[in-house]
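So the structure is just underneath, and the comments pick up after that.
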Amino acid sequence: MRHNFIDRYSSLDSPLHTLESRTKLLAFAILIVGVLSIPTDAEAIFFSYLFAAAVLMGISQIPLGYIMKRMVVLLPFIMLAAVAAPWKGYAGFGALAVRAVLCLILLILLTNTTRFAELLCGLRRFGFPQIVVINLGFLYRYLFVLMEEAMRMKQARDCRRVGRAPLTEELRILSSMLGTLLIRSFERAERMHSAMLSRGYSGDFPVVAPRRFSWHDIVFLAGTSAFVGATIWAR
Amino acid sequence: MWARRFGRDERGKMTEYAIRITRLNYSYPDGTRALQEIDLDVRTGERVAIVGPSGAGKSTLLLHLNGVLTGSSPIKIANLNLERSNLQQIRSKVGLLFQDPNDQLFCPTVFEDIAFGPLNLGVPAEEIPARVNKALRECGLEQSIGSRSSHHLSLGERRRVSLAAVLAMEPAILGMDEPTSNLDPRNRKRLIELVSRLEVTLIVATHDLGFVLDVCSRTVVMDRGKIWADGDAQTILSDTRLMEEHGLEVPLPLKAETRP
């Protein structure tokens, strides 16, 4: 079973992919702040951001269809928030929707042009607490293991179940499955800890940065900052 | 000093011990006696198999080799008494391969997993890529696998990456827990070839008696936390009564030999 829906295209080799992760984290954060600060009635600025997003998508070599598909999955949640703000009128709703789409495109681009491991490395070098970053890494690593375990349990249940049980019975089975999953995860965590200790873990989780800062990074950072600066100044 | 550092084997020759365990007892927090009066000396370079039924205490014994668990009496690893103060030093000498690679590979990428051990040992960052690639090569893996995530690998690959992660620390003693479990015949054969080439003191807990015959010269039979037999692998594995008493079976190649 393969699952790589979080960062499926992150191992491509486009100019965007080869940038250092800190550059991308910073540049995309600047862009997102830029998007959020676009005034509701500034159509030209909206279009310039859409254009910029299109350029980035082009550079990234990630298939447009994939980005669209990801967006369709995430968009309803954000639209819900937009609908919940009716006092802004049609224009407000439109602006909110476009902002949401732009932010989603940027985030999809960020997570699909940077390997998760590099993203974590970037966060760490920005001074995020080590324990948070390590746990994000474990989450990424073990999410799939956990899903597989849950799937196997579901299959085992389906194999022994004939017909449908009453709802209370179903709930009882479900809760005991969740309990089993929790205990198994707990035991796995203990074994993992033993494995970490065996390889010399003593409280510090060292990593080697996979990429180095180059002039590409400076150009990209300068470019995005200039663009965002210009859109704010043009108001 | 000599007397402490060296023992004598049956021919009176001087030998150095990689592992010396005397009268080791260990109980789990719930009171289960997992190890009882374990005596085990392993010479440097020896390849020892620990066989026995599930729940015999084999894995528990392995976890004692680098102090993840500590029992009643001190263990000597390469002439060092295993103590809290030298745990890091001992862990750099004793590599443990766990049964489930998912427990052993906890980093987002294969590269980071293999680099984890050496980095903890204080190997400088610029030497890490060379270390990682050497370990990958030793385990018959491509360098390009380094950037992949462990959850995208097959079990055979994951097992070999786990081994690479252990070998990257350049241990003198390698403990393995069921290294061939769930492997298909091709991957099992590959692993046997790979392990046979390693120049380490080997201690393997396993049910795979064919693996024992191929790799190990000495076999220890463990059951219910005790050692019941210790000696030449061929002799022990062909002892039908001993094998069946402890929930094991004489492996096929040895059965064929005893046939008239």
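A few points about this structure:
- Only one of A:Leu104, A:Leu123, A:Leu109, A:Leu119 that is farther than 30 Å from B:Gln104 by Cα, touching a helix residue (DSSP H, G or I) at 6+ places or on another chain (Cβ under 8 Å) and touching a residue at least 60 places away in the same chain (Cβ under 8 Å): A:Leu109
- Residue within segment A:10-33 that is within 30 Å of A:Glu149 (Cα to Cα), surrounded by 20 or more Cβ atoms within 10 Å (Cβ to Cβ) and modelled with pLDDT under 90 present: yes
- Residue satisfying all of: in segment B:195-212; in a helix (DSSP H, G or I) and under 21 Å from B:Ala168 (Cα atoms); farthest from the chain's Cα centre (by Cα) among these: B:Arg197
- Only one of A:Arg188, A:Arg172, A:Arg184, A:Arg164 that is of a type in the set (Lys, Arg), within 14 Å of another protein chain (Cβ to nearest Cβ) and farther than 12 Å from B:Phe106 by Cα: A:Arg184
- Hey, A:Ala226 more than 9 Å from chain B (Cβ to nearest Cβ) and under 25 Å from A:His17 (Cα atoms) or not: yes
- Where B:Ser154 falls short, out of the listed (1) free of Cβ contacts under 8 Å to residues at least 60 places away in the same chain; (2) at the interface with chain A (Cβ under 8 Å from one of its Cβ atoms); (3) among the hydroxyl-bearing types (Ser, Thr, Tyr): (2)
- Residues of segment B:25-47 include none that is more than 24 Å from B:Leu183 (Cβ to Cβ), among the hydrophobic types (A, V, I, L, M, F, W, C), within 14 Å of chain A (Cβ to nearest Cβ) and in contact with a helix residue (DSSP H, G or I) (Cβ under 7 Å, 6 or more places away or on another chain).
- Checked against the criterion of being in contact with a His (Cβ under 7 Å, 6 or more places away or on another chain) and under 26 Å from A:Leu12 (Cα atoms), segment A:114-125 contains not a single residue that satisfies it.
- Check on A:Arg199, touching a residue at least 12 places away in the same chain (Cβ under 8 Å), within 14 Å of another protein chain (Cβ to nearest Cβ), basic (Lys, Arg) and out of contact with any Ser or Thr (no Cβ under 9 Å at 6 or more places or on another chain): no
- Selection over segment B:111-146 of residues that are farther than 12 Å from A:Val207 by Cα and of a type in the set (A, V, I, L, M, F, W, C) gives a count of 8.
- Counted residues, segment B:123-151 - those being facing chain A (nearest Cβ under 9 Å) and not in a helix (DSSP H, G or I): 2
- If you go through segment B:68-105 and keep only what is assigned to a helix (DSSP H, G or I) and of a type in the set (Val, Ile, Thr), you end up with just B:Ile90.
The values are calculated or read from the model by the stated rules, or taken from the named source; none is laboratory data. For clarity, every value in this text was computed on a predicted model and none was experimentally measured. All Cβ positions, glycine included, derive from the backbone under ideal geometry; neighbour counts span all protein chains shown.
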